[in-house]
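A short write-up of the structure that comes next.
The values are calculated or read from the model by the stated rules, or taken from the named source; none is laboratory data. Computed from a predicted structure; not experimentally measured. Cβ atoms come from the backbone with ideal geometry, glycine included; neighbour counts cover every protein chain shown. To get the accessible areas, we keep the full protein, side chains included, count just its heavy atoms, and leave off ligands, DNA and RNA. Shrake-Rupley method; radii C 1.70, N 1.55, O 1.52, S 1.80 Å.
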Amino acid sequence: MSTNPLPLRFVKSAQRLTELPPTEREIAIVGRSNVGKSSLINALAARNGLAKVSKTPGRTQLLNLFELGDGATVVDLPGYGYAKVPGRVRDTWAAMIEGYLTGRDQLRLALVLVDAEVGPTALDLTTLEWLRHIGLDVRVVATKQDKVKSSKRAKRKQELAAACGLDTSDVLWVSAAKDVNIGELRARIREWLSP
Ligand code: GDP
């Protein structure tokens, strides 16, 4: 399985499910604002600026589609849980994310990003529980691995996975900043999106 950069091509941003173009196969990337989602997408594609690395958390409020080719698509969902966003706007986001995740037939899996240093937040856990409840296949990726001291990593890996209800080996730890496990994640994404 090739670990070359994913040739992701931005297709469009949409506000709701009905605005999305048809695709063959999709995976969705989910996570709270500031978890490192944009940085990770850029690292997967080895293209800085593909997904905007926002200085203001919560700015990415749309469903962003990136085509990998041959109908395989990565969907970047709006980051949830940014405290400074008014409740009404938050509700709109929730409805958008929920509408997409429950209504997209070709969606194969949700990749839930959890900050390795912070660990799963209450909202991360609620999201995980809800994704499992709707029967979607879920994988957890811990971001910003480099922010956890190497001496503390083994313990943190256990704790983070256990909090998510997973075995330690089920969580892939990555660092977009230090290029840790980015190749492995590319290979897995190719596999999940294979015909
Ligand atoms: P998003 O809101 O989830 O799209 O998060 P961003 O990609 O914009 O990243 C949020 C912040 O975390 C930025 O300041 C990034 O530079 C930082 N960040 C993202 N990935 C990493 C990483 O792998 N290591 C470290 N140390 N910082 C990161």
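The residues listed here are Val180, Val141; of these, the one that is within 14 Å of the ligand (Cβ to nearest atom), surrounded by 18 or more Cβ atoms within 10 Å (Cβ to Cβ) and β-branched (Val, Ile, Thr) is Val141. Buried (at least 21 other Cβ atoms within 10 Å of the Cβ) and away from the ligand (no atom under 12 Å from the Cβ) - does that describe any residue in segment 101-108? For segment 101-108, residues buried (at least 21 other Cβ atoms within 10 Å of the Cβ) and away from the ligand (no atom under 12 Å from the Cβ): absent. Candidates Leu6, Leu40: the one that is in a loop (DSSP other than H, G, I, E, B), touching a strand residue (DSSP E or B) at 6+ places or on another chain (Cβ under 8 Å), at pLDDT 90 or above and surrounded by 22 or more Cβ atoms within 10 Å (Cβ to Cβ) is Leu6. If you go through segment 144-162 and keep only what is aliphatic (A, V, I, L, M) and surrounded by 15 or more Cβ atoms within 10 Å (Cβ to Cβ), you end up with Val148, Leu160, Ala161. With the condition kept exactly as written, say whether any residue in segment 20-35 is hydrophobic (A, V, I, L, M, F, W, C), outside any helix (DSSP H, G or I) and near the ligand (Cβ under 8 Å from one of its atoms). Yes, some residue in segment 20-35 is hydrophobic (A, V, I, L, M, F, W, C), outside any helix (DSSP H, G or I) and near the ligand (Cβ under 8 Å from one of its atoms). Screening Ala116, Ala83 for residues that are farther than 18 Å from Leu65 by Cβ and at pLDDT below 90 leaves exactly one candidate, Ala83. Filter segment 22-34 for residues that are open to solvent by less than 40 Å² (accessible area, probe 1.4 Å) and modelled with pLDDT of 95 or more; which is farthest from Leu193 (Cα to Cα)? Ranking the qualifying residues of segment 22-34, first place goes to Ile29.
Among the residues of segment 68-81, is there at least one that is farther than 19 Å from Leu20 by Cα and touching a residue at least 12 places away in the same chain (Cβ under 8 Å)? Looking for residues that are farther than 19 Å from Leu20 by Cα and touching a residue at least 12 places away in the same chain (Cβ under 8 Å), one finds at least one in segment 68-81, hence yes.
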